Amino acid sequence: MFLNSYLYSIAADMGGWELFQNSLWPMILGGIKNTIPLTFVSFVLGMFIALLTAVMRLSTTKLLTIPARMYVSAIRGTPLLVQLFIVFFGLGSIGITIDPFPSAVIAFSLNVGAYSSEIIRASIQSIPKGQWEAATTIGMSYSQTLIRIIIPQATRVSIPPLSNTFISLVKDTSLASLILVTELFRKAQEIAARTYDFMLLYIEAAMLYWVICFILSIVQDKIEHRLERYVAR
């Protein structure tokens, strides 16, 4: 009896290893085709939204500050999953049909834009006021000062928190599986539905996400170390 149980466990382990090997490439392919592009596209668009929103928040004109505040408050006050469902299912129910991938891009971009705008705004406000005064003294306009003097300095300050936002976005893309985007986690779900080995496949998916985030963390450290050279000691 003991020998039979032992042989069965070995066979099960071999089957699990074979499943791990067979499922690894489809999941990596799902990451290459959808997870990574979804992350990069959403982040880039989110940065444009964030910069625009941050500048609006810093404006003294209420016509600009009020809409920016409402946008940030609405996004930060609602779950990302709900935002994703509103874009894909909600708009679809009123006749505005958007494919899964663009829907995910819209939802993630708006989410990243709101959170990152606060990071950028805080980074801009961290620059000493003397920088603004010095730029004004030599005849630079507000927009010139912002683009040439303030934003380059604020970029260095904002790199660490924005990098964390980017890494978080990689993990958040797993939510896109709920609107049928065939990304990494969606592939794991599809394979698990056929094999019923949910634990192995979900752990495998978690490992792949961890590897991606680990690599990005190394890149983040390299960038931060490089930018430290431009800090006055």
Next item on the list: Pairs of Cα atoms under 8 Å, at least six residues apart: use those to get the relative contact order of segment 36-230, whole percent.
Entry: 23
Item checked: Translational diffusion of segment 36-230, µm² s⁻¹ [Kirkwood Rh, Cα pairs; Stokes-Einstein; 37 °C; 0.692 mPa s] -> 175
Notebook entry, point to check: Between F214, F40, F108, which gets the highest mean-square fluctuation from a Gaussian network model of the chain, Cα cutoff 10 Å?
Noted result: F214
Next item on the list: Mind putting a number on the dipole of the chain about its Cα centre? Charges go on the C-beta only, +1 for Lys and Arg and -1 for Asp and Glu, and I need it in Debye to the nearest 20.
Entry: 1040
Notebook entry, point to check: Helix hunt in the chain: which complete DSSP H runs extend at least 24 Å axially by C-alpha with mean Kyte-Doolittle at least 1.0?
Noted result: 36-58, 198-227
Check: How far is it, in nm, from the label point at M140 to the one at A74 when both lie 7 Å from their Cα along the line to the Cβ?
Finding: 3.5
Notebook entry, point to check: For the chain, with the dipole built from +1 on Lys and Arg beta-carbon atoms and -1 on Asp and Glu ones, taken about the Cα centre, which of N34, Y142, V87 lies farthest toward the positive end?
Noted result: Y142
Next item on the list: Mind putting a number on the dipole of segment 118-219 about its Cα centre? Charges go on the C-beta only, +1 for Lys and Arg and -1 for Asp and Glu, and I need it in Debye to the nearest 20.
Entry: 280
Item checked: FRET efficiency estimate (nearest 0.05) - Cβ-Cβ, S217 to L24, R0 30 angstrom -> 0.85
Next item on the list: With unit charges on the beta carbon (Lys/Arg positive, Asp/Glu negative), name the residue among F101, A154, V211 whose Cα is farthest towards the positive pole of the charge dipole of segment 36-230.
Entry: A154
Notebook entry, point to check: Tell me, W132, W25 in order of fewest to most beta-carbon neighbours within 10 Å?
Noted result: W25, W132
Next item on the list: Check the straight Cα-Cα distances from K171 and name the lysines below 23 Å, setting aside those fewer than 8 residues away within the same chain.
Entry: K33, K187, K222
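Every number here is computed from the coordinates shown, using simple stated rules; none is lab data. What you see is a predicted model; the values in this text were computed from it and never measured. As a convention, Cβ positions derive from the backbone with ideal geometry for all residues, glycine included, and neighbour counts pool all protein chains shown.
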